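Notes to accompany the following structure.
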Amino acid sequence: FLFMNFTSKDLENYFWTSGNHITTTSGVEIVLHASALVELSVLLRNELDYPERYQVSASFYSLSAFMAFFAFENYQSIEQISVQDLLALYRLGYAHLERV
C-alpha cells in the first residue's frame, strides 16, 4: 500500500472544507472540534418490538493520533470509516457504548 503523505494541517483543512463534520458512507459521524479533538460516533437502533438505541463513540485528542490510527491512503478513505471500525475501537477499549 502507498500511503498519502499529508500533514495534520492538510487534514484540518479537509475538515474545514466539509464544515468540520463528515458523515461516512455507513453513517459514522466524524466531527473536528477546535482543530484538535476528533470525535467519531454512530447511533444504532432497533425499532422492532423492543425499541432500543445505543451510541458508540470514540475520541482522538489530536489529528495526528486520528491519522496514525487509521493510516489513511487518501482523503476519501476517511469517508470509508465504517460502523465495524467503530465497533473494533470499542472491542479494543478505545470507544464507549451507551444506551440513549
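Any read-out appearing in this document is the output of simple, stated calculations on the displayed coordinates, not a laboratory observation. These figures come from a predicted structure and were not determined experimentally. Cβ coordinates were reconstructed from backbone atoms using ideal geometry, including for glycine residues, and neighbour counts include every protein chain displayed.
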- Item | Efficiency of FRET between Ser8 and His96 - r from beta-carbon atoms, R0 25 angstrom, step 0.05 | 0.55
- Task: Any chance you could run the full-extension gain for Ser62 through Asn20? It's 0.36 nm times the residue separation minus the Cα-Cα distance, nm to one decimal.
- Result: 13.7 nm
- Message: From Cα pairs below 8 angstrom and at least 6 apart in sequence, can you work out the relative contact order of the chain, rounded to a whole percent?
- Response: 30 percent
- Using the Cα centre as the reference, give the magnitude of the dipole from point charges on the C-beta atoms of the chain (Lys, Arg: +1; Asp, Glu: -1; all else neutral), rounded to the nearest 20 debye. 160 debye
- Would you compute, from DSSP H runs of 4+ residues alone, the mean residue ellipticity of the chain at 222 nm, taking -39500 (n - 2.57) per run and dividing by the full residue count, rounded to the nearest 500? -8000 deg cm²/dmol
- Task: Set the Förster radius R0 to 30 Å, insert the Cβ-Cβ distance between Leu87 and Leu48 as r into 1/(1 + (r/R0)^6), and round the FRET efficiency to 0.05.
- Result: 0.90
